[in-house]
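One structure is given here, and the rest of the page talks about it.
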Amino acid sequence: MPQDIDIAQFFASMIVIFFAIGIHEFAHCWFADAAGDPTPRSMGRVTLNLFKHFEPVGTFMIVFTSLTGYGIGWGKAAPMNPARMDNPRRDFFFAVAAGPLSNVLQAAFFGFTIRVLASTGLLYKLPQFAIMLLFLGVFINIGLFLFNLIPLGPLDGQWLVGLLL
């Protein structure tokens with residue numbers, strides 16, 4: 001365990017991870033629901049209440065391993081049934097891809113915000129915590145995007161590669 005834990009960085013990371021994973025799982029559920037699968041809605045998962053997208057052990061692991069400097073954990077898997085979708089093969093692919101793509105969009109949002117604030121000279125007038133939050137928003141979301149594309153179960157990459165093949 002690192003001797004010097006930066007508490008501000010830890011809390012900024014937790015905030016970004018909370019939104020990154022919650023929105024990632026929401027995106028899976030929303031796309032599956034939009035494709036005709038009632039499973040996520042019947043389980044109360046088509047919601048922006050991000051607490052619904054976390055499971056206790058995965059959340060504990062995120063916090064605990066973040067203290068060690070690694071940050072490995074998970075959210076509650078999105079309930080999807082491709083057989084109930086309008087076009088099972090295509091719609092399931094898009095519902096699975098929606099999660100990692102949401103991380104790219106979140107990273108783009110943080111990056112765009114940094115760019116606008118830097119070009120107006122306002123970036124370095126922000127509190128250090130806000131600046132850290134913005135930069136971690138880019139790095140953590142890109143990291144989650146890339147990690148989720150690994151073609152091993154239960155990551156999204158397993159399903160994407162399987163559907164492409």
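The values are calculated or read from the model by the stated rules, or taken from the named source; none is laboratory data. Being a predicted model, the structure only gives us computed values, none of them experimental. No Cβ is skipped: glycine too gets one built from the backbone with ideal geometry, and neighbour counts run over all protein chains shown. Note: areas computed on protein heavy atoms with side chains; ligands, DNA, RNA excluded. Shrake-Rupley method; radii C 1.70, N 1.55, O 1.52, S 1.80 Å.
Would you point out which residue out of Gly143, Gly157, Gly162 is touching a Pro at 6+ places or on another chain (Cβ under 9 Å), under 18 Å from Ile23 (Cα atoms) and either of a type in the set (Lys, Arg) or at pLDDT below 95 (or both)?
Numbers: Gly143 fails: touching a Pro at 6+ places or on another chain (Cβ under 9 Å); Gly162 fails: under 18 Å from Ile23 (Cα atoms).
One residue alone meets the criteria, Gly157.
Quick check on segment 41-48. Is at least one of its residues of a type in the set (Ser, Thr, Tyr), farther than 30 Å from Gln128 by Cβ and without any contact (Cβ under 8 Å) to a residue 12 or more places away in the chain?
Step one: of segment 41-48, the residues of a type in the set (Ser, Thr, Tyr) are 42, 47.
Then drop every residue that is not farther than 30 Å from Gln128 by Cβ, which leaves 42, 47.
If we keep only those that are without any contact (Cβ under 8 Å) to a residue 12 or more places away in the chain as well, we get 42.
Checked segment 41-48: at least one residue is of a type in the set (Ser, Thr, Tyr), farther than 30 Å from Gln128 by Cβ and without any contact (Cβ under 8 Å) to a residue 12 or more places away in the chain.
For (1) assigned to a helix (DSSP H, G or I); (2) over 14 Å from the mean Cα position of the chain (by Cα); (3) more than 16 Å from Phe11 (Cα to Cα); (4) not small (Gly, Ala, Ser), each residue gets a yes or a no:
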| site | (1), (2), (3), (4) |
| --- | --- |
| Gly69 | no, yes, no, no |
| Ile72 | no, no, no, yes |
| Pro100 | yes, no, yes, yes |
| Ile131 | yes, yes, no, yes |
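One residue is enough: does segment 49-64 have a residue meeting the conditions among the acidic types (Asp, Glu) and touching a residue at least 60 places away in the same chain (Cβ under 8 Å)?
no
Output the helices (runs of 4 or more DSSP H) that fall wholly within segment 1-67 and possess 1 or more residues being over 27 Å from Phe93 (Cβ atoms) and open to solvent by less than 30 Å² (accessible area, probe 1.4 Å), or say none.
On the way: elements: 7-34, 39-42, 56-67.
The qualifying helices (runs of 4 or more DSSP H) are 7-34, 56-67.
Out of contact with any Asp or Glu (no Cβ under 7 Å at 6 or more places or on another chain) and on the phi > 0 side of the Ramachandran plot: does that describe Gly44?
yes
With respect to Phe54, is the statement that it is at pLDDT below 95 and not hydroxyl-bearing (Ser, Thr, Tyr) true? Quick ask: steps written out before the conclusion?
Working: at pLDDT below 95: yes; not hydroxyl-bearing (Ser, Thr, Tyr): yes.
Judged against the criteria, Phe54 is a match.
Per-residue answers, yes or no, for (1) on the phi < 0 side of the Ramachandran plot; (2) at pLDDT below 95; (3) of a type outside the set (A, V, I, L, M, F, W, C); (4) out of contact with any Gly (no Cβ under 7 Å at 6 or more places or on another chain):
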residue: Asn49; (1), (2), (3), (4): yes, yes, yes, yes
residue: Thr59; (1), (2), (3), (4): yes, yes, yes, no
residue: Gly69; (1), (2), (3), (4): no, yes, yes, yes
residue: Trp74; (1), (2), (3), (4): yes, yes, no, no
residue: Ala77; (1), (2), (3), (4): yes, yes, no, yes
residue: Phe93; (1), (2), (3), (4): yes, yes, no, yes
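Within segment 69-79, restricting attention to residues that are in contact (Cβ under 8 Å) with a residue 12 or more places away in the chain, open to solvent by 40 Å² or more (accessible area, probe 1.4 Å) and not aromatic (Phe, Trp, Tyr), which residue is farthest from Ala32 (Cα to Cα)? Spell out how you get there, then give the answer.
First pass over segment 69-79, keeping only residues in contact (Cβ under 8 Å) with a residue 12 or more places away in the chain: 69, 71, 73-79.
Cutting the leftovers down to open to solvent by 40 Å² or more (accessible area, probe 1.4 Å) gives us 69, 74, 76-77.
Still in the list and also not aromatic (Phe, Trp, Tyr): 69, 76-77.
On the way: Gly69: 34, Lys76: 15, Ala77: 13 Å.
Looking at residues that are in contact (Cβ under 8 Å) with a residue 12 or more places away in the chain, open to solvent by 40 Å² or more (accessible area, probe 1.4 Å) and not aromatic (Phe, Trp, Tyr), I get Gly69.
What's the total number of residues in segment 133-156 that are of a type outside the set (A, V, I, L, M, F, W, C) and without any contact (Cβ under 8 Å) to a residue 24 or more places away in the chain?
Looking only at that region, the number is 3.
Could you figure out which of (1) surrounded by 13 or more Cβ atoms within 10 Å (Cβ to Cβ); (2) touching a residue at least 24 places away in the same chain (Cβ under 8 Å); (3) among the charged types (D, E, K, R) isn't true of Asp86?
(1)
Failed condition for Ser119, given (1) touching a residue at least 24 places away in the same chain (Cβ under 8 Å); (2) open to solvent by 60 Å² or more (accessible area, probe 1.4 Å), with all others met?
The one condition Ser119 does not meet is (1).
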